[in-house]
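What follows is a set of notes on a single structure, which appears directly below.
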Amino acid sequence: MSGASATRHALWRARGLLALAVGLAAAVGPAPVGPAGAAAEVRWRLAGETGLAATLSSPLPHRLVVDARVEAAGGSGSVGWRLTADAALPVTVSGDGRAQVGDVDWALEEATVSWQRDAWMASAGRERLPLEAARLLLPFAVEPVSPSGLRVGVWGARLACAEGPTRLRLAVVEDVHHAGRALPVVSVRRQGGAAEVEGHVAWTDEGAAPVAGVTASGLVRDLVVYGELWHARDGRYVVGVSGFWGDALWTVEAGRVLSPDGLAVQPMAAAQVGWQQGPDVAWTVGSQLLVVEDAVRARLHVERTALAASHDWRVVTSVSSTPDAPSWAVGLGYRHYWGL
């Protein structure tokens with residue numbers, strides 16, 4: 001199959017998967033049932049986005065990614081549902097100009113049915129379960145990551161009760177690191193004034209001590225100070241500070257966290273500042289420092305986004321320094337947003 005034919009074939013596969021997601025969303029919507037057979041109000045919404053991103057980088061290959069995302073949600077009375085699906089088609093271009101089309105990265109981010117009454121909420125299906133308080137780094141996670149780098153939900157069920165400033169959440173989800181094994185997670189959150197503290201316990205390994213973690217955040221004058229500490233096979237922690245410098249929002253974090261590939265736990269620091277240049281242009285500048293075997297790896301990236309009512313354009317440049325050789329990347333992306 002030629003490169004062009006393979007690209008068209010993969011695009012049709014991605015389009016078919018997204019159409020199937022929309023059809024399932026419409027099919028699983030709860031029937032309008034009300035008292036004495038009366039029709040209850042059914043609420044629903046459908047939104048999506050389509051993007052195209054091209055990246056020139058050293059070392060090769062260059063990359064071209066076409067992706068689409070659909071989000072559908074609805075409900076009737078105390079019952080609700082939500083479906084979020086993403087499909088990405090990667091194309092790599094070698095130095096001699098030959099293109100290689102990869103497989104469609106199909107990611108079902110969320111697919112849940114929920115029920116709520118008073119302070120109680122129950123849900124089942126595939127749902128996001130983020131446990132961290134950090135914004136730039138990731139010390140511990142139970143969620144999988146798709147080949148395109150997208151964090152997606154986990155299959156399971158959960159029950160939560162929120163009474164005043166306290167929330168208790170019980171969840172049993174799939175263990176993405178041990179096939180066929182369930183992973184119980186218990187979380188308790190307490191809010192008071194300008195502070196919030198949450199504790200987590202996850203039984204990740206059968207017969208081993210559970211993973212325990214605590215996250216906290218609060219206001220210190222005009223600054224948001226936060227952190228988390230995890231007791232796992234190896235100690236993990238993050239401390240961070242965020243605030244405003246004029247109209248710019250800045251964040252600084254440091255700790256012992258998962259490396260970007262998620263395969264190791266290493267010291268790492270990150271910083272980011274973002275600001276709005278007028279109503280239609282936004283800037284983001286970020287950096288990362290990673291210590292690997294006493295060698296420091298650094299990365300700096302700058303992103304400019306031009307915003308419009310239903311689309312945006314992004315230009316991203318980055319430079320990385322490693323013990324072997326420096327590298328660079330320049331990317332251009334376009335996204336179109338729609339909703340019903």
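So which of 169, 190, 181 is farther than 25 Å from residue 287 by Cβ and open to solvent by 70 Å² or more (accessible area, probe 1.4 Å)?
None of the others qualify; the one that does is 190.
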What is the one condition in (1) open to solvent by 40 Å² or more (accessible area, probe 1.4 Å); (2) among the aliphatic types (A, V, I, L, M); (3) over 30 Å from residue 277 (Cα atoms) that residue 220 does not satisfy? (3)
If I ask for residues that are in a strand (DSSP E or B) and open to solvent by less than 40 Å² (accessible area, probe 1.4 Å), which ones from the range 263-272 would you list? 265, 266, 268, 269, 270, 271
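Can you tell me which residue among 229, 258 is open to solvent by 80 Å² or more (accessible area, probe 1.4 Å) and among the aliphatic types (A, V, I, L, M)? Spell out how you get there, then give the answer.
Values: 258 fails: open to solvent by 80 Å² or more (accessible area, probe 1.4 Å).
Unique residue meeting the criteria: 229.
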Looking at the range 232-247, which of its residues are open to solvent by 40 Å² or more (accessible area, probe 1.4 Å) and either part of a strand (DSSP E or B) or closer than 25 Å to residue 180 by Cβ (or both)? 233, 235, 237, 239, 241, 244, 245
Which condition number does residue 82 fail, the rest of (1) in contact (Cβ under 8 Å) with a residue 60 or more places away in the chain; (2) surrounded by 15 or more Cβ atoms within 10 Å (Cβ to Cβ); (3) part of a strand (DSSP E or B) being met? (1)
Considering only the range 148-161, how many residues are at pLDDT 95 or above and open to solvent by 50 Å² or more (accessible area, probe 1.4 Å)? 2
Applying the selection to the range 287-334, what residues are in contact with an Asp or Glu (Cβ under 6 Å, 6 or more places away or on another chain), of a type in the set (Ser, Thr, Tyr) and open to solvent by 60 Å² or more (accessible area, probe 1.4 Å)? none
Do we find a residue being free of Cβ contacts under 8 Å to residues at least 60 places away in the same chain and of a type in the set (Phe, Trp, Tyr) anywhere in the range 229-243? no
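Looking only at the range 42-50, decide whether some residue is over 22 Å from the mean Cα position of the chain (by Cα), open to solvent by less than 70 Å² (accessible area, probe 1.4 Å) and modelled with pLDDT under 95.
First, the residues of the range 42-50 that are over 22 Å from the mean Cα position of the chain (by Cα): 42-44.
Among the residues that remain, those that are also open to solvent by less than 70 Å² (accessible area, probe 1.4 Å) are: 42.
Keeping just the survivors that are modelled with pLDDT under 95 gives 42.
Yes, the range 42-50 contains at least one residue that is over 22 Å from the mean Cα position of the chain (by Cα), open to solvent by less than 70 Å² (accessible area, probe 1.4 Å) and modelled with pLDDT under 95.
The values are calculated or read from the model by the stated rules, or taken from the named source; none is laboratory data. Remember, predicted model here, so these are calculated numbers, not experimental data. Don't worry about glycine lacking a Cβ; one is built from the backbone with ideal geometry, like all the others, and counts go over all protein chains shown. Side chains are part of the model used for accessible areas, which takes the heavy atoms of the whole protein and leaves out ligands, DNA and RNA. Shrake-Rupley method; radii C 1.70, N 1.55, O 1.52, S 1.80 Å.
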